[in-house]
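Peer 1: First, the structure itself, so that you have it in front of you.
The values are calculated or read from the model by the stated rules, or taken from the named source; none is laboratory data. These numbers come from a predicted model, not from an experiment. Glycine gets a Cβ as well: all are built from the backbone with ideal geometry, and neighbour counts include every protein chain shown. Note: areas computed on protein heavy atoms with side chains; ligands, DNA, RNA excluded. Shrake-Rupley method; radii C 1.70, N 1.55, O 1.52, S 1.80 Å.
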Amino acid sequence: MAATLVGGAFLSATLQVLFDRMASQEVVNFIRGRKVPERLLKKLKTSFLALNAVLDDAEEKEITNTTVKEWLEELKDAVYHAEDLLDEIATEALKCMVEADFVTFTSKVRNFIPTSFNWSEQKLKSKIEEVLVRLEDLAKQKDVLGLKRRITKTILEDVTSDKCNTTNFNLIQTRLKESLVGKKFLLVLDDVWNEKYDDWEEFKKPFKYGALGSKIIVTTRNESVASVMRPIQIFYLNKLSEDDCWLLFANHAFENGNFNAYPHLEEIGKQIIKKCDGLPLAAKALGALLHCKLDAGEWYKVLKSKIWSLPNDGGNILPALRLSYNDLPSHLKRCFAYCSTFPKDYEFKKEELVQLWMAEGFLHKQEENEEMEDIGDEYFLDLVSRSLLQQSDRNKLHFVMHDLIHDLAKFVSGRFCFSLEGENANKIIDKTRHFSYLRMKFDTSKKFEALYKAKHLRTFLPLELNRVDGDFYLTKEVSHDLLLKLRFLRVLSLSHYTNIKKLPESIGDCKHLRYLDLSCTKVERLPDSICKLCNLQTLNLSGCEFLDMLPSNMRKLTNLRHLDVTGTRITRMPMQMGRLKCLRTLTKFVVDKDSEFQIGELGELTNLRGAILISKLQNVINSTDALKAKLKAKRHLEVLTLEWEDTISQRERDVLNQLEPHTNLKKLVINNYGGTSFPNWVGHCSFSNMTCLHLSYCRNCPSLPSLGQLPSLQDLCIVGFDEVVTVGLEFYGSSSSNNTPFRSLEILKFEGMLKWEEWFPHDGENEGAFPYLRKLYLIDCPKLRGSLPKNLPYLTKIMISKCLQLETSLPTAAAMSYLELMYCNDLLLKELPPTLHVLKIEGFNNLESLPEGAMEHNHCLKRVKNLELEFPTCYSSLERLFIIDSSIWSPFRFSEGHHPIPLRWLQIVDCPNFVAFPSGGLPAPNLLDIYVKNCERLNSLPENMHTLLPSLEYLGIGNCPQVESLPEGGLPSNLIEFGIDVSEKLFGTRMEWGLQRLHSLKWLEDWRCLAGCAEDRSTFAYYFSSSLQIAQKAQHVSVPSLLFVLTSRSCPTPFFTIKNTMVQMHREREICLLAQDCSGA
């Protein structure tokens, strides 16, 4: 073995799988039954062994010798063909066994050949010989050879801590600007490569509105990027000093970075880091490579490796990273290379990747009782420990590859793994086996034309870099033609394509298929032929909301390991699900009274893990049947949901008692339980791993179960306990215990407790329960009175709704920042926590004022009667004001002098008595957004808008029919979007609107009857509705020079009539017509 290739060659693990397959009794018996000479298999194995002997040497030479690299690619292709052939044979052998289990026959299994296998003895023999001839040619040759992200959206989500669902770039930039106005920020953009000046100019616009002192720091490995950005100053970073490089290396190579205990390695290590050339990623990768290897010989091999003197392939793949790859065992090399199928920056979950590896045949058992998923987890964590995969900064459950590591993966995978990006489809070749692409709104057949060349494709994987909601469409030619020609597919995903309602029956011919993802499609039925896929391991149907049943012969899928039916309408399970002995994931099981569908079927599924929902438990006839489910033996279950339909039966307690799960459970949900009490296991302290417990609509229980002694419980939700009157000592647990009740609880929610009157503390006023509670929710508890827990030092959020009799003072805490009160007693507002940042109030019809200082931050007022806010003395920090469904006549009163107010967002909706804004206008220089709707008596917009509201960008006025004119002086010059219902009177003043002065205006939305256009060369965006007659009048409106997009919405006029008319008006313009609910569109 070559000195640097300590891990074994890439193909070695594949060959081992082939050897095992050839030796399996099923394959041997099948070939014997077909009367194919066994010597062919022996010869095939001998050929592979001979080639395997030179693989290590070939992998070392391929880096510098393109001829060797091409030879290796040909060998990989030949191995893939051999693997496909043996997999086909093994599949037919498996079908024989499955059919033997379900069909009456008298002949031996090996002689039972399914009709789907139409190869003659001669054809099977010739197929094996074809592979042999190719391998022999390659053996002769060996002797001769001598062997990107949408960054703006990401920043917005980070700044606001909210998910951004829009894809409109202008709207994203506007929202980002709103979030940054007047605020000091530090933005770091790491590893920038984009050299386009226009992209950078557009990107940085929102950041100009930040406070003085804001900074943007950019790191790049490309000097031209720095010049394009025109920074204030460029800092040329030096490489790490040898001392710093050594410390970084040692931190990864030694436990706790302690190198002093290994002087014999320190000298070699310091010579190694000199070769890192001061690059931190190289030092980190080499440290991970040698982690806990204490043999000086191993370190010396790395130091003397020839790889340091090899060319650098354009500088993308560092020698240190190559060493990390070479050190991988061969089974990890395949798994690592496969990751190049994903595009750069793609974030994946561990479970997702492990299931893909399993489908591709990369997970190899060393012992019979090993779980494939556990092997995959081990492989995954090994790659993470070597820094070849890393945890995402955005989501701790996701992982990603560093760009340089991805380059390495692409290099070693060659042309076998392909990610479609831009216009690179022409690089797909007949050797391509693994294919991914970024899903678009409309994916047409043209996108996939090149795939017809890849006849042996194994992976078809649509992906999203940024997961967004919305509909996606895939041309029928792909799902009904192309994919069925790719008969060697092992991984097929059609997820999120909402136009897919069914699969063709011919899907059953994809005999190699192991992974089928139809999640979030509109599939209504699965074809019966899917039950022919005897190799299928993963079937993802989650989010298929129209799917109401599974094929009746599902029991034939004997290799199925993961069946996800979350979010489907399935109301009955197929018969004899207990035969699926390999199942590890079953997200839902529906109990039926018929014997074939009873809960005892679950008892046969001994290896279930993850989460399961068991529904219709009212169909369990007696507790003995429940015991047959053997939930207590399922030690790998983490989430269990038990669900009844509304019934009242004394036997339900006995049933629930027998459904006791293993104490490893992390989350328990019980819905619609009809018993009058809970068995002792619910809340027992032995469930030390349980972090989440939800009990809902247990309507017959007069008391809560004892839950306070669950040591790890963090999230407790109790809903719909109609008979509970008091919550007292029984809730906290055994009084003999010295443990603090609910000692880990962070979130507590009570909802729909219609008879609940009192909540007794645990131990008097100085109670010790809930020491770490952060969030408390009390919703729809109309009779609750008395006090609430007081000593809650970590409380940050309280939400109380529809608790009209609750009059107590609220809990206070130093961290308390969020309070939401809806339809409650006014007395709750008497003493508000002084540390609030957010106060939301709704449904206080008798409230006329708030306590002094109550609105110092961002607040929302809904359905508040006769509320008058005085500016600026009481509300000097108020930035957001929302008044909804209120009988107010004027929400503002200003102290003398009209000092500026800090408002940034103002929304007034459904206030029929609101007549006017304050005389003289709103002195709000930072106001960005005004939205007023359904205020029928409002007669005018704020005065002096053009001077008092210089920052205003969005103005929306809807269903305010008394507004007859725009304010004198016009609209603010920075206005970007303007939406308004236009009455005939207001439309008559259109020449006075002064739109030509609004150089930033991009959208004009007429919510009722206006559509417009312009005479000049400018372009404009806004909505067209109502009638063509108004559209023709609107051509007299002057507009600024902006993008012209005409969107028709709810228009009775035929769409093409509108389009032709608008084109005639603006022959020299580029017009984009978007139709919404428009006839003829």
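Peer 1: Within the range 982-1003, track down each residue that is touching a strand residue (DSSP E or B) at 6+ places or on another chain (Cβ under 7 Å) and at pLDDT 75 or above. Give the steps one after another, and end with the answer.
Peer 2: Restricting attention to the range 982-1003, the residues satisfying the condition of being touching a strand residue (DSSP E or B) at 6+ places or on another chain (Cβ under 7 Å) are 982, 1001-1003.
Selection gives 1001, 1002, 1003.
Peer 1: Moving on. I need the full set of residues from the range 266-280 which are farther than 19 Å from residue 388 by Cβ and surrounded by fewer than 21 Cβ atoms within 10 Å (Cβ to Cβ), in order please. Step through it out loud before you land on a result.
Peer 2: Step one: filter the range 266-280 for residues farther than 19 Å from residue 388 by Cβ, giving 266-271, 273-275, 277-278.
Hits for the range 266-280 are 266, 267, 268, 270, 271, 274, 275, 277, 278.
Peer 1: Please enumerate the residues belonging to the range 523-554 that are among the basic types (Lys, Arg) and surrounded by fewer than 21 Cβ atoms within 10 Å (Cβ to Cβ).
Peer 2: 525
Peer 1: How many residues are under 20 Å from residue 716 (Cα atoms) and either basic (Lys, Arg) or open to solvent by 10 Å² or more (accessible area, probe 1.4 Å) (or both) when one looks only at the range 638-669?
Peer 2: Residues meeting the conditions: 11.
Peer 1: Here's a follow-up. Inside the range 593-603, can you point out the residues that are of a type outside the set (Ser, Thr, Tyr), farther than 21 Å from residue 664 by Cα and part of a helix (DSSP H, G or I)? Step through it out loud before you land on a result.
Peer 2: Residues of the range 593-603 that are of a type outside the set (Ser, Thr, Tyr), as a first pass: 593-594, 596-603.
Add one more test, that the residue is farther than 21 Å from residue 664 by Cα, and what stays is 593-594, 596-601.
Across the range 593-603, the qualifying residues are 596, 597, 599, 600, 601.
Peer 1: Is it the case, given these coordinates, that residue 78 is within 30 Å of residue 412 (Cα to Cα), among the small types (Gly, Ala, Ser) and open to solvent by less than 20 Å² (accessible area, probe 1.4 Å)?
Peer 2: On the way: within 30 Å of residue 412 (Cα to Cα): yes; among the small types (Gly, Ala, Ser): yes; open to solvent by less than 20 Å² (accessible area, probe 1.4 Å): yes.
Yes, satisfied.
Peer 1: Looking at (1) open to solvent by less than 10 Å² (accessible area, probe 1.4 Å); (2) over 28 Å from the mean Cα position of the chain (by Cα); (3) among the basic types (Lys, Arg), which is the only condition residue 511 fails?
Peer 2: Among (1) open to solvent by less than 10 Å² (accessible area, probe 1.4 Å); (2) over 28 Å from the mean Cα position of the chain (by Cα); (3) among the basic types (Lys, Arg), the lone unmet condition for residue 511 is (1).
Peer 1: Of all residues in the range 18-39, which are open to solvent by less than 20 Å² (accessible area, probe 1.4 Å), within 13 Å of residue 92 (Cα to Cα) and among the aliphatic types (A, V, I, L, M)?
Peer 2: Those that are open to solvent by less than 20 Å² (accessible area, probe 1.4 Å), within 13 Å of residue 92 (Cα to Cα) and among the aliphatic types (A, V, I, L, M): 27, 31.
Peer 1: So, one more: Mind telling me which of the residues 704, 788 ends up being touching a helix residue (DSSP H, G or I) at 6+ places or on another chain (Cβ under 6 Å) and either closer than 22 Å to residue 816 by Cα or in a loop (DSSP other than H, G, I, E, B) (or both)?
Peer 2: Numbers: 788 fails: touching a helix residue (DSSP H, G or I) at 6+ places or on another chain (Cβ under 6 Å).
Going through 704, 788 in turn, just one is touching a helix residue (DSSP H, G or I) at 6+ places or on another chain (Cβ under 6 Å) and either closer than 22 Å to residue 816 by Cα or in a loop (DSSP other than H, G, I, E, B) (or both): 704.
Peer 1: Still on this structure, I have one more. Out of the residues in the range 907-949 meeting the condition of being among the hydroxyl-bearing types (Ser, Thr, Tyr) and not in a loop (DSSP other than H, G, I, E, B), tell me which one is surrounded by the fewest Cβ atoms within 10 Å (Cβ to Cβ). Give the steps one after another, and end with the answer.
Peer 2: Taking the range 907-949 and keeping what is among the hydroxyl-bearing types (Ser, Thr, Tyr), we get 919, 931, 940, 947.
Now drop any that are not not in a loop (DSSP other than H, G, I, E, B), which leaves 931, 947.
Values: 931: 16, 947: 12.
Among residues in the range 907-949 that are among the hydroxyl-bearing types (Ser, Thr, Tyr) and not in a loop (DSSP other than H, G, I, E, B), the one surrounded by the fewest Cβ atoms within 10 Å (Cβ to Cβ) is 947.
Peer 1: Are there any pairs, at least 6 apart or on different chains, whose C-beta atoms fall under 6 Å, with the first in the range 281-305 and open to solvent by less than 70 Å² (accessible area, probe 1.4 Å) and the second among the charged types (D, E, K, R), and if so, which?
Peer 2: Note: pairs meeting the criteria are 288/386; 289/327.
Peer 1: Specify which of the listed residues (688, 703, 677) is under 17 Å from residue 745 (Cβ atoms) and either at pLDDT below 95 or open to solvent by 30 Å² or more (accessible area, probe 1.4 Å) (or both).
Peer 2: 688
Peer 1: Let me spell it out: the conditions are (1) of a type in the set (A, V, I, L, M, F, W, C); (2) within 29 Å of the chain's Cα centre (by Cα); (3) in the same structural domain as residue 632 (by the TED database), and residue 617 meets all of them except one. Which number is the exception?
Peer 2: Result: residue 617 fails condition (2) only.
Peer 1: How many residues, within the range 360-385, are in a helix (DSSP H, G or I), within 16 Å of residue 13 (Cβ to Cβ) and open to solvent by less than 40 Å² (accessible area, probe 1.4 Å)? Before you say what the answer is, go through the steps one by one.
Peer 2: Going residue by residue through the range 360-385, those that are in a helix (DSSP H, G or I) are 360, 372-385.
Remaining after also requiring within 16 Å of residue 13 (Cβ to Cβ): 360, 372, 375-376, 378-380, 382-383.
From what is left, the residues that are open to solvent by less than 40 Å² (accessible area, probe 1.4 Å) are 360, 372, 375-376, 379-380, 383.
Number of matching residues: 7.
Peer 1: Moving to a separate point now. With the condition kept exactly as written, say whether any residue in the range 237-248 is farther than 30 Å from residue 294 by Cα, loosely packed, with under 15 Cβ neighbours inside 10 Å and in contact with a Leu (Cβ under 7 Å, 6 or more places away or on another chain). Steps first, please.
Peer 2: Step one: of the range 237-248, the residues farther than 30 Å from residue 294 by Cα are 237-238.
In the following step, the residues that additionally are loosely packed, with under 15 Cβ neighbours inside 10 Å were identified as 237-238.
With in contact with a Leu (Cβ under 7 Å, 6 or more places away or on another chain) added as a condition, the list becomes none.
For the range 237-248, residues farther than 30 Å from residue 294 by Cα, loosely packed, with under 15 Cβ neighbours inside 10 Å and in contact with a Leu (Cβ under 7 Å, 6 or more places away or on another chain): absent.
Peer 1: Go through the residues of the range 604-625 one by one and say whether even a single one is farther than 25 Å from residue 666 by Cβ, crowded, with 18+ Cβ neighbours inside 10 Å and hydrophobic (A, V, I, L, M, F, W, C).
Peer 2: Scanning the range 604-625 turns up no residue that is farther than 25 Å from residue 666 by Cβ, crowded, with 18+ Cβ neighbours inside 10 Å and hydrophobic (A, V, I, L, M, F, W, C).
Peer 1: Please determine whether any residue of the range 990-998 is within 30 Å of residue 843 (Cβ to Cβ) and hydrophobic (A, V, I, L, M, F, W, C). Spell out how you get there, then give the answer.
Peer 2: Within the range 990-998, the first condition is being within 30 Å of residue 843 (Cβ to Cβ), and the residues that meet it are none.
No: the range 990-998 contains no residue that is within 30 Å of residue 843 (Cβ to Cβ) and hydrophobic (A, V, I, L, M, F, W, C).
Peer 1: Out of everything in the range 813-823 that is aliphatic (A, V, I, L, M) and touching a strand residue (DSSP E or B) at 6+ places or on another chain (Cβ under 7 Å), what residue ends up being surrounded by the fewest Cβ atoms within 10 Å (Cβ to Cβ)? Before you say what the answer is, go through the steps one by one.
Peer 2: Filtering the range 813-823 down to residues aliphatic (A, V, I, L, M) leaves 813-816, 819, 821-822.
From what is left, the residues that are touching a strand residue (DSSP E or B) at 6+ places or on another chain (Cβ under 7 Å) are 819, 821-822.
Working: 819: 23, 821: 23, 822: 17.
The extreme case among them is 822.
Peer 1: Sticking with this one: Which one of the conditions (1) outside any loop (DSSP other than H, G, I, E, B); (2) on the phi > 0 side of the Ramachandran plot does residue 543 fail to meet, given that it meets all the rest?
Peer 2: (1)
Peer 1: So in the range 157-211, with the set limited to residues that are hydroxyl-bearing (Ser, Thr, Tyr), within 25 Å of residue 930 (Cα to Cα) and not in a loop (DSSP other than H, G, I, E, B), which one is farthest from the chain's Cα centre (by Cα)?
Peer 2: It comes out as 209.
Peer 1: Next up: Can you confirm whether residue 741 is open to solvent by less than 10 Å² (accessible area, probe 1.4 Å) and either of a type in the set (Asp, Glu) or at pLDDT below 90 (or both)? Explain how you work it out, then say what you get.
Peer 2: On the way: open to solvent by less than 10 Å² (accessible area, probe 1.4 Å): yes; either of a type in the set (Asp, Glu) or at pLDDT below 90 (or both): no.
For residue 741, the condition - open to solvent by less than 10 Å² (accessible area, probe 1.4 Å) and either of a type in the set (Asp, Glu) or at pLDDT below 90 (or both) - is not met.
Peer 1: Among 754, 695, which is open to solvent by less than 10 Å² (accessible area, probe 1.4 Å) and modelled with pLDDT of 95 or more? Give the steps one after another, and end with the answer.
Peer 2: On the way: 754 fails: open to solvent by less than 10 Å² (accessible area, probe 1.4 Å).
The match here is 695.
Peer 1: Test residue 810 against the criterion of being closer than 26 Å to residue 884 by Cβ and open to solvent by less than 30 Å² (accessible area, probe 1.4 Å), and give yes or no. Write out each step before concluding.
Peer 2: Details: closer than 26 Å to residue 884 by Cβ: yes; open to solvent by less than 30 Å² (accessible area, probe 1.4 Å): yes.
Yes, satisfied.
Peer 1: Here's another thing I want to ask about it. I want to confirm something. Restricting to the range 718-738 and keeping residues that are modelled with pLDDT of 85 or more, open to solvent by 40 Å² or more (accessible area, probe 1.4 Å) and in a loop (DSSP other than H, G, I, E, B), which single residue is nearest to residue 677 (Cα to Cα)?
Peer 2: 723
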